[in-house]
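Worksheet for the structure shown next.
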Amino acid sequence: MNNQIKIPDPLWGSDLANIILDLEKLRSKQLSGTVPPYIFFQLKEIFHIMETLGSARIEGNNTTLAEYVEKIIEKKLSEEEKNQEIQNIEKAMSFIEDNTLERTAIDRAYISQLHMIITENLSVEGSKNPWDLRKVNVTITGSKHTPPDFKVVQDYFDEFVKFTNSSHREQYQLLMVAIAHHRFAYIHPFDNGNGRMWRVLTYAFLIKMWFQVKKWRIINSSAIFYSNRQKYYDMLAKADSLKDNDILSWCEYFLLWLKNEIEKIDSLLQWTYVRSNILIPTIDFALEREHITDKEHKILSYLINSKDMTIKAEELNKFWINNSVQKSRTIAQLRKKGIVSSITPKGRIYTINFVNNYLLRWIMHTLEKLWFISDFLNSKWKQ
């Protein structure tokens, strides 16, 4: 029985070692971008949408990002109306963000709680024994790997929990995350929901290691699974040999993707990048499709180009709106359409709002053109 988990030593000076060093710099980097927080956290919410939907689609959910966005715009996503699987993943992500700290043990209870959330109220994608480890043998569709017999799953799982909660030296912590991701898939400890589990657990491990998402960082950890699915499965399969060189090859693949993804998304902290590459093209698309008027486009453009990306009602005289009644009426119309929102309690300062109205459609379009969104999120499953 090969349930022991260890971290092989990479060659220090190899590509893998350099990737680890680069990631350590990113992990310790003090993030204090120039984009205002009320803009950044809207972008974070958009990536949360992609993370949640991406994880569901990997399991076979056929909802596309375009369809999901339209439901958000049309306000058709109440808790009762949401796809249950997507709703569960949202809850799991929130649980992780609220309950995972530097010293939080990702132990049996934590993992089982996540499994209960992931499989709650599901039939096909649910579990006969939520919380409990599987009591049957399982297979993995499309994989040559046969997970361990259910009689030894407890031993494998105990070793997994011990490994992930051990004190690893700093240079080995990222390797631990990569190896834990593979080993959870290898064990397949639950009767169902294992794929969703190892994706959300990766998110949890990264937060535990102070890739903080409640401050100034976005992590789209599901992107690795759908950016090149065949490559991902091939590398996982290679690591199934449990040979040191194959495990290290998997770690290099996994951590290189993580480094590239974090570097790319960290660009969203910069005011000039967000203004020029995301927000201006978004309102240009909206004007072109006649979803906003020329006057609204001018106001939003002025707002976006201001240093703090805000506008006050009294500044509307720049657009030949001179009396207070007209100014109040114009702001009220923009708020009613949902394209601006107040950032102060008394409603005197306003910023652009793009997460729950038709501007979301064009934000997604812009992010897709910038390669932040994979084709996988909008492709229909082939039957």
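About the Cα centre of the stretch 1-55, how large is the charge dipole given +1 on each Lys and Arg Cβ and -1 on each Asp and Glu Cβ? Please answer in debye to the nearest 20. Don't skip to the answer; put the middle values down first.
Values: 5 positive and 6 negative charges, 30 e Å.
Result for the stretch 1-55 is approximately 140 debye, rounded to the nearest 20.
Can you give me the distance in nm between label points at residue 105 and residue 241, each placed 7 Å from the Cα along the Cα-to-Cβ direction?
About 3.6 nm, to one decimal.
Taking the chain as the reference, fit the longest principal axis to its C-alpha atoms, fit the long axis of helix 15-28 to the helix C-alpha atoms, and give the angle between the two in degrees, 0 to 90, nearest 10.
50
Quick one: how many lysine pairs does the stretch 40-137 have with C-alpha atoms less than 25 Å apart and a gap of 8 or more or different chains? Give me the count, please.
12
What are the aspartates and glutamates whose alpha-carbon lies under 14 Å from the alpha-carbon of residue 264, with same-chain residues fewer than 8 places away excluded?
Counting by Cα, and skipping residues close in sequence, residue 264 has these aspartates and glutamates nearby: 22, 368.
Identify all aspartates and glutamates with a Cα-Cα distance to residue 29 below 14 Å; exclude those on the same chain that are fewer than 8 residues away in sequence.
In chain and number order, the partners are 263, 266.
Under 16 Å from the 7 Å Cα→Cβ point of residue 129, by amide nitrogen: which residues of the stretch 187-201?
187-194
What is the order of 200, 153, fewest Cβ neighbours within 10 Å to most?
153, 200
Calculate, in nm to one decimal, what residue 378 and residue 45 gain on full extension: separation in residues at 0.36 nm each, minus their alpha carbon distance.
On the way: separation 333, 0.36 × 333 = 119.88 nm, distance 1.84 nm.
Net length gain for the segment: 118.0 nm.
For the chain, give the magnitude of the charge dipole about the Cα centre (Cβ charges: +1 Lys/Arg, -1 Asp/Glu; no others), in debye to the nearest 20. Walk me through the numbers before you get to the answer.
Numbers: 51 positive and 46 negative charges, 226 e Å.
Once rounded to the nearest 20, the dipole reads 1080 debye.
What's the FRET efficiency of residue 28 with residue 370 using the Cβ-Cβ distance as r and R₀ = 25 Å, to the nearest 0.05?
Values: r = 27 Å, r/R0 = 1.08.
Once rounded, the FRET efficiency stands at 0.40.
Between residue 323 and residue 288, how many nm apart are label points set 7 Å from Cα along the C-beta direction?
Label at residue 323, label at residue 288, 3.9 nm between them.
Read phi for every residue in the stretch 338-355 and hand back ³J(HN,Hα) as whole Hz from Karplus 6.51 cos²θ - 1.76 cosθ + 1.60, θ = phi - 60°, with x for Gly and Pro.
Those phi angles translate into x, 9, 9, 9, 7, 10, 10, x, 8, x, 9, 10, 10, 10, 5, 10, 9, 9 Hz.
Suppose the chain between residue 21 and residue 280 were pulled fully straight at 0.36 nm per residue; how much longer would it get relative to their current alpha carbon spacing?
Details: separation 259, 0.36 × 259 = 93.24 nm, distance 3.55 nm.
Separation in residues times 0.36 nm, less the Cα-Cα distance, equals 89.7 nm.
How long is the gain from residue 158 to residue 305 if the chain were fully straight, where each residue apart is worth 0.36 nm and the alpha carbon distance is subtracted?
Numbers: separation 147, 0.36 × 147 = 52.92 nm, distance 5.45 nm.
Result: 47.5 nm gained on full extension.
Taking the beta-carbon count within 10 Å as an exposure proxy, list 340, 152 from fewest neighbours to most. Intermediate results must be reported in sequence, preceding the final value.
Values: 340 24, 152 12.
Exposure proxy ranking, most exposed first: 152, 340.
By how many degrees, 0 to 90 and rounded to 10, does the Cα axis of helix 108-119 deviate from the longest principal axis of the chain?
That helix lies at roughly 60 degrees to the long axis.
When the Karplus curve 6.51 cos²θ - 1.76 cosθ + 1.60 is applied with θ = phi - 60°, which whole-Hz ³J(HN,Hα) does each residue of the stretch 272-281 get, with x for Gly and Pro?
5, 5, 5, 4, 6, 9, 10, 6, 4, x
Calculated from DSSP H runs of 4 or more alone, at -39500 (n - 2.57) each and per residue, what is the 222 nm mean residue ellipticity of the chain, nearest 500? If you can, show how the numbers build up before the last one.
Values: 15 runs with 203 residues, N = 383.
When only DSSP H runs of four or more count, the value is -17000 deg cm²/dmol.
Under a plain spin-label model, where a point goes 7 Å from the Cα along Cα-to-Cβ, how far apart in nm are residue 172 and residue 231?
2.9
Rank 137, 262, 339 by how far each Cα sits towards the positive end of the charge dipole of the chain (+1 on Lys, Arg Cβ; -1 on Asp, Glu Cβ) and give me just the farthest.
339
No value in this document is a laboratory result; all are computed from the given coordinates. All values reported here derive from a predicted model rather than from experimental measurement. We place every Cβ from the backbone using ideal geometry, glycine too, and count neighbours over all the protein chains shown.
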